[in-house]
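Only one structure is covered here, and it is reproduced in the block below.
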Amino acid sequence: MKNLESISLNGNNFKGSINGTEWEELLSLKDLDLSDNSLDGSISMSLFSLPSLQSIDLSGNKFSGQLNEFSGIASSHIVFLDLRNNSLEGIIPKSFFQLRELGHLDLSFNRLNGTLDLANILQSFKNLIFLDLSFNHLSIGTNDYGENSPFPQLSILYLASCNLRTIPKFLQNQTSLDNLDLSMNQITGTIPGWLWQISSFNLSFNHLVELEPPFPFSNDLLPRSIDLSSNNLHGQFPVVKSGYAYLDCSNNNFTSIDPANGNYLSYASYMSFSRNNLQGVIPASLCNGTNLELLNLEHNHLVGTIPDCFTTMTQLIVLNLRGNQLHSEIPDRFTKGCSLQTLDLNGNFLQRRIPRSLVHCKDMKIPTGAQLQTFDASSYTGNQGLFGSPLTTHDPITVTPPTSSEGSNWSSKSEREWMLRGAEVGFPVGITIFIGPILYIKSCIPFVSSQCLRDQKSLLLELKNNLAFAPNAYDKLKGWNQSTDCCHWSGVTCNNSNGRVIGLDLSSKDIIGGIDDSSSLYHLQFLQTLNLASNNDLQGEIPSRIGTLSSLTYLNLSWVGFSGQVPIEISNLVKLAVLDISNSGVENSPLYMHKPNLATIIRNLTNIKELYLDYVINSAIGDKWCKTLSSSLPRLQVMSMSNCDLRGEIHKSLSNLRHLSVIMLDDNGNMGGRVPGFMARFTNLTKLSLSVCGLYGIVPSKNFQVPTLRALDLSGNEKLQGNLPVFYKNGSLEELCLSSTNFSGTLPRSISNLKRLRAIDLSRNQFFGILPSSLSNLKRLLRIDLSYNQFSGPIPSFSSLKYLKSINLGFNNLNGSINATDWDRLLSLEELNLSYNSLDGKISTSLFSLPSLQFIDLYKNKFSGQLNEFASIASSQISYLDLRYNSLEGPIPKSFFQLRELQFLYMSFNRLNGTLDLADFLQRFKSLKELDLSFNRLSVGTNDSGENSTFPQLQILFLASCNLRTIPKFLNNQTSLQNLDLSMNQITGTIPEWMWKITRFNLSFNHLVELEPPLSFSNNLGFIEDLSSNNLQGKFPVVKSNYYYLDCSNNNFSSINPDIGNYLSYASYMSFSNLGSSPRHYAVPKI
């Protein structure tokens, strides 16, 4: 198999080592993909020396040991290297830094160690676009001397949990950087103003204290994803003149929000300022967040009334105003379009009647499944002035002490799930279905009327004094002191009748070190709820003495740095209703249940209703863990065991858990087996998530038809088959994801019966047939992805789906025109992908006027006719426009020149005509990165007066066959330009020496006659140059940089500088054929 070029075995259950293959014989191999298997042992370093290999993906296996140095680097062409999610150890080999062609490098989630200088690393990779070193044992420093040095233009940089202490200054010059993750480090000081140039960044869980005023931006409304949570930021949160999609500033010390932020919330789906120090009234400008799905302002010092607009935000799913000082009444304006599932107003001073209009919020339920009308008086404690239906009296409520922590974590768990699931789609904020909750006026921190007992205060103060906090921790429990009642302390809940401490919330307090066995925590014997979540620097094993807190009904140790064996003493907590140790520890030192195993630990926990064990390694086979859960936890409602290394198919014994409402077993790739039919008999099932579990076989239709089911995710199971069934009326399904499976058949008309559907993803399957017009009845639909199937026929009208944000129908067989949709009604549409179809007719220019649209891809269709002018340009957000490979005619509309946010414009291979001045054209697009106008009927001129004008920093410029007569001089100042195509024009004269600064250029089929002597370069990149079919003459000079592709054929060169041989180590193609019309006689240089 010496001619083998590609091996793709990803997503199977292959085991064993890969050292049995004689890799060095596969000299033609270009692509190797063994990802998502169970391969182990060391990685054969002979792989990296294969001369043709360009792409290596070994992610998601069990490879271990150290990566050794390797040879053959000089001839390496590796562009893509993914080794994430393994158990690799030791330092990163120096050989890696000599893989000069690397564009994508992912080493995250391993056990690599050592110290790295980031500037030094990056300057080794001139083509690097993607780098992820997160979650290893690395210590990464940033040497400021590199700030102005030549770095690659990264698009994505992930350095989470890399022991960084500062934000690298050179990032200020990374003009292409779209996504930055520096979370969970030790960064202190100020967030620089230039950081806001990056579309998405995460600085959460650091020790930052201040925000520099953001720089002004020209891209005013580009939606951003920003996570600043769990720092020590204070003062006023400033206004950034750019749209938000996701904004998390929770767990800081902000005192106010600049009201002008409300002008930039039109795209926002998630906004949280919980647990800050916000003062005053709720800013009225927040009413502009009409697309908000989650708004969390809990635990601040807000006063005044609840804005009326909060009750009319029809997209809002979670509204949390708990723990403030709001007064007056709850606005009675909830409309029929209400989407609320969680409303938490606990711990305020609200009065008067509970709004009758809450009946319009059909999705709000209490954990038992009862509807709003069945709430009892205890559901409204904490707001003593509330009365009205469903209460039986018009008097204010009498506060009664809680008997348990019932429901105490519903809201926070829903929010966390919503936040985590947001990363799974192409945008930072995704569609997530809230499970179970809940009108949350019910109190788990009730109004306190009694005083704290002296012994309880002493124990709490002793606990505080024995805890260690990170140096820059903001809180450090400053409010805990002798002079105040401990029942009023932050995070403390007392029994209302006797003053005993029954609840302790120390989440996100930057506690470091450990909690030893002598801690006074274990003497708080009346504790019912204990929350230590999100203290990532708490280390060691879970303290065994937690098992002495026998009154606990709720225990949350998630996102804590505990690792090792889960202690047997947990089994003593027989009153537990909620146990959450998910996401604890770190990837290289996880929590596990081996000895004792899962069965031993939970055997006595018969009262558990919610069990979260995500990332806790069990390595149990199906019949064992299923039988264990079904026999030990008869009341279980929520089962979350994602990424637990579960093995073997789901056993039928699980069917005994009749109360299950949430099943999440994602990313257990060794599970295998079929989707059990018995799951359709769970009468309370609201969410079933089995993505990437190695499932196979046909999915029973009844699994889609569970009346209570809101979310179904079977994605990433490539051997899973089936057809979509008939959907019954009034179905509850809100999210359906079957991407990357092997489903087939047609999309049934009955899909319209899923009135609550918000997201449907059927991409990368075998579906066929015509798209039903009944799709237009899915009024709540936000995202639809049917790409990579075999659908045919016309596109149905989506004009009635006013909340629709994303349409992806690419790579199908759709035909007809697209004018059936009244596009100007889709005011929320952000993404439209209709590429690789057979659509024809004119392109409706109303598309270009949609206020939210950012991405348009109509590549490779049969659109024809002229592009007309269009209006509403000033508000346009279009950044990506691809019209290549169609039959469009006429001049480019002047309206295009006013799409100020454009970054990517592709219009090649059409029939466009007219004359364009390139300098004038480009100066209208300040953000443009890539432009392709090739192979039309355009005449493009270059006005040399624009040489020193302000141009965008292009990365790609293709102007092949554009009737150019000169090489534009302003290109000399394009420092980011990587790829230039000016072929098949009428360019005459000399090739300027600065042209050789560009890594890839094509000047073939012109009338060029001379080469200016090239500049000397220090970079060692592989150049791709095509100078063929010109009139070049004389000696071909030497450029002190390596060649990858060099075509000088069909010219009149008389000789080749012999020194060129020193720069051919990367060369794969070289041609000097057909040199002129008459024979030339010269010695072939020894190269």
- Query: Restricting attention to region 1031-1087, and to residues there that are charged (D, E, K, R) and at pLDDT below 90, which single residue is farthest from Asn1006 (Cα to Cα)?
  - Reply: Lys1086
- Message: Looking only at region 637-669, filter to residues that are of a type in the set (S, T, N, Q), open to solvent by 10 Å² or more (accessible area, probe 1.4 Å) and within 30 Å of the chain's Cα centre (by Cα); which one of those is nearest to Leu733 (Cα to Cα)?
- Response: Ser661
- Query: Just for region 107-128: of the residues that are free of Cβ contacts under 8 Å to residues at least 40 places away in the same chain and assigned to a loop (DSSP other than H, G, I, E, B), which one is nearest to Tyr158 (Cα to Cα)?
  - Reply: Leu107
- Message: Go through region 285-331 and report how many residues are in contact (Cβ under 8 Å) with a residue 24 or more places away in the chain, closer than 21 Å to Lys805 by Cβ, among the β-branched types (Val, Ile, Thr) and open to solvent by 10 Å² or more (accessible area, probe 1.4 Å).
- Response: 2
- Query: How many residues are closer than 21 Å to Leu778 by Cα, part of a loop (DSSP other than H, G, I, E, B) and not aromatic (Phe, Trp, Tyr) if we restrict to region 700-753?
  - Reply: 21
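Answer with yes or no whether Leu112 is farther than 18 Å from Gly65 by Cβ and either open to solvent by less than 50 Å² (accessible area, probe 1.4 Å) or out of contact with any helix residue (DSSP H, G or I) (no Cβ under 6 Å at 6 or more places or on another chain) (or both).
The answer is no for Leu112.
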- Item | Residue among Glu735, Glu718 that alone is closer than 23 Å to Gly11 by Cβ, among the charged types (D, E, K, R) and surrounded by fewer than 23 Cβ atoms within 10 Å (Cβ to Cβ) | Glu718
- Residue selected from region 841-862 under the condition in contact with a strand residue (DSSP E or B) (Cβ under 9 Å, 6 or more places away or on another chain) and surrounded by fewer than 18 Cβ atoms within 10 Å (Cβ to Cβ), by the criterion nearest to Arg884 (Cα to Cα): Lys862
- Note on the structure: Restricting attention to region 509-527, the residues that are within 37 Å of the chain's Cα centre (by Cα) and open to solvent by less than 30 Å² (accessible area, probe 1.4 Å) number exactly 3
- Query: Does Ser828 count as open to solvent by 10 Å² or more (accessible area, probe 1.4 Å) and in contact with a strand residue (DSSP E or B) (Cβ under 9 Å, 6 or more places away or on another chain)?
  - Reply: no
- Residue among Leu453, Leu463 that is at pLDDT 90 or above and over 20 Å from Asn206 (Cβ atoms): Leu463
- Options Ser483, Ser490, Ser518, Ser508: the member that is of a type in the set (Gly, Ala, Ser) and in contact with a Ser or Thr (Cβ under 7 Å, 6 or more places away or on another chain): Ser508
- Checked Thr915, Thr975 against criteria (out of contact with any Gly (no Cβ under 9 Å at 6 or more places or on another chain), open to solvent by 50 Å² or more (accessible area, probe 1.4 Å) and β-branched (Val, Ile, Thr)); the one match is Thr975
- Does Leu53 satisfy the condition of being in a strand (DSSP E or B), touching a residue at least 12 places away in the same chain (Cβ under 8 Å) and either open to solvent by less than 40 Å² (accessible area, probe 1.4 Å) or of a type in the set (A, V, I, L, M, F, W, C) (or both)? no
- Message: With the structure loaded, tell me whether Leu685 is farther than 20 Å from Leu576 by Cα, in contact with a helix residue (DSSP H, G or I) (Cβ under 8 Å, 6 or more places away or on another chain), open to solvent by less than 50 Å² (accessible area, probe 1.4 Å) and at pLDDT 90 or above or whether it fails that test.
- Response: yes
- Task: Confirm whether Leu782 is in contact with a strand residue (DSSP E or B) (Cβ under 7 Å, 6 or more places away or on another chain), buried (at least 19 other Cβ atoms within 10 Å of the Cβ), touching a residue at least 24 places away in the same chain (Cβ under 8 Å) and more than 24 Å from Ser701 (Cα to Cα).
- Result: yes
- Yes/no for Gly65 being in a loop (DSSP other than H, G, I, E, B) and under 26 Å from Gly694 (Cβ atoms): no
- Message: Every residue in region 1030-1043 that is surrounded by 17 or more Cβ atoms within 10 Å (Cβ to Cβ) and touching a His at 6+ places or on another chain (Cβ under 8 Å), please.
- Response: Asn1030
- Can you name every residue in region 588-634 that is in a helix (DSSP H, G or I), closer than 15 Å to His659 by Cβ and open to solvent by 40 Å² or more (accessible area, probe 1.4 Å)? Ser631
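Would you check if Phe909 is more than 23 Å from Leu782 (Cα to Cα) and at pLDDT 95 or above?
yes
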- With the condition kept exactly as written, say whether any residue in region 490-497 is outside any strand (DSSP E or B), open to solvent by 10 Å² or more (accessible area, probe 1.4 Å) and touching a Gly at 6+ places or on another chain (Cβ under 7 Å). yes
- Within region 255-279, count every residue that is within 17 Å of Asn324 (Cα to Cα) and open to solvent by 30 Å² or more (accessible area, probe 1.4 Å). 5
- Task: Starting from residues that are among the polar types (S, T, N, Q) and not in a loop (DSSP other than H, G, I, E, B), keep the ones in region 962-979 and report whichever is farthest from the chain's Cα centre (by Cα).
- Result: Asn972
- Query: Could you count how many residues in region 15-68 are modelled with pLDDT of 90 or more and among the aromatic types (Phe, Trp, Tyr)?
  - Reply: 1
- Message: Just to be sure before I move on: is Ser797 under 24 Å from Leu685 (Cα atoms) and open to solvent by 10 Å² or more (accessible area, probe 1.4 Å) in the structure I sent?
- Response: no
- So the strands (runs of 3 or more DSSP E) completely within region 136-203 holding 3 or more residues that are open to solvent by 10 Å² or more (accessible area, probe 1.4 Å) and either out of contact with any His (no Cβ under 9 Å at 6 or more places or on another chain) or closer than 23 Å to Lys926 by Cβ (or both) are 137-141
- If Thr708 passes every condition in (1) crowded, with 24+ Cβ neighbours inside 10 Å; (2) farther than 12 Å from Ser740 by Cβ but one, which one does it miss? (1)
- Query: From the set of residues in region 69-84 that are at pLDDT 90 or above and assigned to a loop (DSSP other than H, G, I, E, B), which is farthest from Ser49 (Cα to Cα)?
  - Reply: Arg84
- Query: Does region 980-1002 hold any residues that are buried (at least 17 other Cβ atoms within 10 Å of the Cβ) and within 40 Å of the chain's Cα centre (by Cα), and which are they?
  - Reply: Leu980, Asp981, Leu982, Ser983, Met995, Trp996, Lys997, Ile998, Thr999, Arg1000, Phe1001, Asn1002
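The values are calculated or read from the model by the stated rules, or taken from the named source; none is laboratory data. Just so we're clear, the structure is a prediction, and the values are computed from it rather than from any experiment. Quick reminder, even Gly has a Cβ in these numbers, built from the backbone with ideal geometry, and neighbours come from all protein chains shown. Only protein heavy atoms, including side chains, enter the accessible area calculation; ligands, DNA and RNA are left aside. Shrake-Rupley method; radii C 1.70, N 1.55, O 1.52, S 1.80 Å.
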